[in-house]
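Structure, as structure tokens:
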Amino acid sequence: MVSYFINKTIDTPINNWAIKFLVESSGYKAVKSNTITDQVKLYYGNDLVEINSLSNSIIIQQKKTSPSAIFSFNEKSRLKELSFDIIEATILLLTDKIHSNLNKEHYDKHNRLKGACSYQFKNGSIQKPIVNYYVLLIKNSIKEKFLLTPIPFYPKDYTSVVVLSHDVDEPDRYAILKRQKEKIKHLNFENKLYYAWIFLRKYIRKIIFGGHKSYWNFEKILALESKYGFSSSFFFSAKSRFEKGSNFKLDNSYDIDHQEFQKLFSLLNDKGFEIGLHSSYNANTNLSFFEDEKNRLEKIAKRQVIGNRHHFWNLGKNEDQTLLAHHKSGFKYDSSIAFNDCPGFRRSTALPFYPYNSENNITLSTLQIPNFLMDTNLVNGENEEEIVQKAIVFINELTKAQGVASINWHVRMAYPTDKKLSLYARVYMKIIEHLSNTKNVWVTSFENYYQWQKEREDLINAQ
């Protein structure tokens, strides 16, 4: 247990949130002290009288912090050597306030920050989860000074975690029109015309490439990952583009109520793979969308759905409001904070965190689990070996920082049944093989990792 004290001039809810994150991520229970006593192990503030009375405490002084100082952080630095305020830096990065001065042109049409416009990219740190090193610095400082043993980051001998996940966007290339023909009748002329073009294009491809379900790779993915003892998470859409409140051009077309999906859900449940919600494009605009989609998926899949990932990573213009909606909808975790156009750590962390909601001054209950690699943002014109090596660089950074983050590989791209997408599939297979040969990395699903995270929190709270 680590007792901490904050000088009253800066004793704010968000500063308390940041300290608790740093200390508890380190593996120690953080307990706030309202008075200065010999039991205080960590102090945050600048009052010299208070500092002088705490000769045996770890002192974190408040400092003016610039973004450039944050990203010039040296992994070998001692806490007292830092040129910036580690508490403020944690807040700037995890709440994304560091980007609060950016304009709409820095974001794409789906409200996603462009990688090249991020402070991470501009400071050459997009592949480095800097917040992890803040946590390691706090952990080592506490351990060395007070000889306290922290709760480990991960179970057994694991020192990092790669979560495997698959967004299910287009599982069956050719069966869309047949299943949805009744719903199509009710579309306006413009959308009927648009959908007719989609179908014509797919029909031509069917003639050229054959009629097999070249995107229905579920059984093959299960066999591939199970061969190495891995499991993964599959995120399914519970609302199609034809339903009220959906985005006709951007939402997915399939209907999970179809019999083949019910068989698939049974298989995934039997094999120990996770079923999560791939929330619809407009879900961020209406709390009831989250609740309705979650309830529908749970009913059809016949299991509890604890996790969410937004279609197109679309968290909306007000990300804080969307994260609050996750909290209100009862999701245990979300994994939607990511760069879309490049690999990297969107909020400079490869550790999970409970977001802070500034409007209500509360810590949200839905755990955010970071992403760092995705099929379409990793493959960018290079040859196969170059792409694999680029992925390995990021994996090495993750393991070095003792982090946890997700790889997102769409179902249609995860197995080489489609010639056009075979490069993505070959890359994924080589990444999986590399992970199987990497020591002390736990490769698993979000659900399995989340269960461990809750066990760890219980162990920390019991200190």
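Coordinate-derived values only; no laboratory data. Since the model is a prediction, treat every value here as computed from it, not as a measurement. Glycine also receives a Cβ, built like all others from the backbone with ideal geometry; neighbour counts cover every protein chain displayed.
Things to note:
- For the chain, the longest principal axis of the alpha carbon atoms and the long axis of helix 189-209 meet at an angle near 80°.
- Shape category assigned to the stretch 3-146 from the gyration tensor of Cα positions, a/c cut at 1.5: prolate
- Distant-in-sequence amide H partners of VAL2 (H built 1.01 Å from N, under 5 Å): LYS29, ALA30, VAL31
- In sequence order, the stretch 446-451 has phi-based couplings of 4, 4, 5, 5, 4, 4 Hz under the Karplus curve 6.51 cos²θ - 1.76 cosθ + 1.60, θ = phi - 60°, and Gly or Pro positions carry x.
- Between the helical axis of 319-329 and the longest alpha-carbon principal axis of the chain there is an angle of about 80 degrees.
- Ranking SER33, SER125, PHE84 by Cα position along the charge dipole of the stretch 3-146, where only Lys, Arg, Asp and Glu carry charges on their C-beta atoms, puts SER125 farthest toward the positive end.
- Listed options for volume of the Cα convex hull per residue in Å³ are (i) 149; (ii) 213; (iii) 190. The value calculated from this structure is the one marked (i).
- Max-minus-min Cα coordinates of the stretch 1-58 on each principal axis give 29, 22, 15 Å, with the largest extent listed first.
- Acute angle (nearest 10 degrees) that the helix 218-227 long axis makes with the longest principal axis of the chain, alpha-carbon atoms: 40
- Peptide ranges 272-284, 17-29 listed from the most packed, as the mean C-beta count within 10 angstrom indicates: 272-284, 17-29
- If the chain linking GLU298 and MET1 were pulled fully straight, counting 0.36 nm for each residue of separation and taking away their Cα-Cα distance, it would gain 103.0 nm.
- Taking amide H as placed 1.01 Å from N in the peptide plane, VAL443 has its amide H under 5 Å from the amide H of VAL162, each at least 5 places away in sequence or on another chain.
- Taking θ as phi - 60° and the Karplus parameters 6.51, -1.76 and 1.60, the scalar couplings of the stretch 155-160 work out to x, 6, 9, 5, 10, 7 Hz in sequence order, x denoting glycine and proline.
- The 3J(HN,Hα) values that the Karplus relation (6.51, -1.76, 1.60; θ = phi - 60°) gives for the stretch 258-268 are, in residue order, 5, 4, 5, 6, 4, 5, 5, 4, 4, 5, 4 Hz. Gly and Pro appear as x.
- Inter-label distance, ILE10 to ASN440: 3.3 nm, where each label sits 7 Å from its Cα along the C-beta direction.
- Which listed pairs, of LYS249/LYS420; LYS8/LYS80; LYS109/LYS332; LYS32/LYS114; LYS299/LYS439, have C-alpha distances above 32 Å, in listed order: LYS32/LYS114; LYS299/LYS439
- Cβ charges +1 (Lys, Arg) and -1 (Asp, Glu), total dipole of the chain, debye: 960
- Near ILE275, the amide H atoms lying under 5 Å from its own belong to PHE234; only residues 5 or more places off or on other chains count, and H is placed 1.01 Å from N.
- Relative contact order %, the stretch 3-146, counting alpha carbon pairs below 8 Å whose residues are six or more apart: 25
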